[in-house]
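I have placed the structure first, in the form of structure tokens, so that the comments after it can refer back to it.
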Amino acid sequence: MEFRSRLVGALSALVLLSLPACGNGTATGPVQPAEPGQEDEQLRSDRLEMVERSIAGLIRDERVLQAMRDVPRHRFVPEGQIGRAYDNRALPIGFGQTISQPYVVALMTELLDLQPGERVLEIGTGSGYQGAILAELTDEVYSIEIIPELAEQAESTFSELGYDIAVRQADGYFGWPEHQPFDGIIVTAAPDHMPQPLIQQLAEGGRMVIPVGPTGSYQTLWRVTKRNGEIVSENITDVIFVPLVRGRA
Ligand code: SAH
């Protein structure tokens, strides 16, 4: 199991690596014409099939699996990518950024072990997909995105789909001090070291899931837990994420 998850992590990393740096999501043609209802039904069945095929054997938490079945990932990708929304792979969302691979989203969410009513902070809103998954598990979701256009786009997707998620445009390295402490913090872009402000904003018993490592190579996915004020770090697997960029807060 340990080996298997490392292998899958490495595979997901390769998928992320092979993405064009600046894909803006217009590479594929539109989905085949269909009645709106029919189209939704097809996408829903593609989604359920993806969860069964690529995620259910590796992720045990039933609440996470249900969230993956419920959130319409196709609403978080650029129109030209809708036909690929239920491939288990990362996709370009513009501005050199990606929506993470569904398996990686599920793995990080499972590691967070969120309980209903807990408060969670995401760094790197991106498309908003990971945020929506979190919102299926708890009511208190905060998310920070450094690129203004992505923050705005994600906010409008959240309101179209009825997700109540607080989005802030800032450098997430510093967390969101006004709303600390957080029971969960999930970082979806990789810094080259553990951000101390995020560790400080973890609640007692809180979990942070974060990739840390150099840009352009594998990073290590860590789960950091605060217990009795002490930090316990677990090395989970190798991954590749876009870098956490600094200084445009
Ligand atoms: N969670 C996203 C994945 C987005 S990719 C999703 O589900 O789609 C990582 C995102 O982190 C990008 O949108 C990038 O702009 C953002 N990011 C990079 N550095 C950041 C920083 N310092 N603070 C906040 N967001 C950052």
Requested in this report: Return the sequence-ordered ³J(HN,Hα) values of the stretch 185-196 in whole Hz as given by the Karplus equation 6.51 cos²θ - 1.76 cosθ + 1.60 applied to θ = phi - 60°, using x for Gly and Pro.
Outcome: 10, 10, 10, 10, 9, 9, x, 8, 8, 5, x, 4
Requested in this report: Quick one: check the C-alpha center-to-center distance for the stretch 144-193 versus the stretch 63-123, whole angstrom.
Outcome: 14
**Report entry** Backbone N within the stretch 58-87 under 11 Å of label point (7 Å from Glu39 Cα along the Cβ vector)
**Finding:** 79-80, 82-83
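A short reminder: the numbers here are calculations on the coordinates, not readings from a lab. As the structure is a prediction and not an experimental result, all values here were calculated from the model. Reconstructed Cβ throughout: ideal geometry from the backbone, glycine too, with neighbour counts over all protein chains shown.
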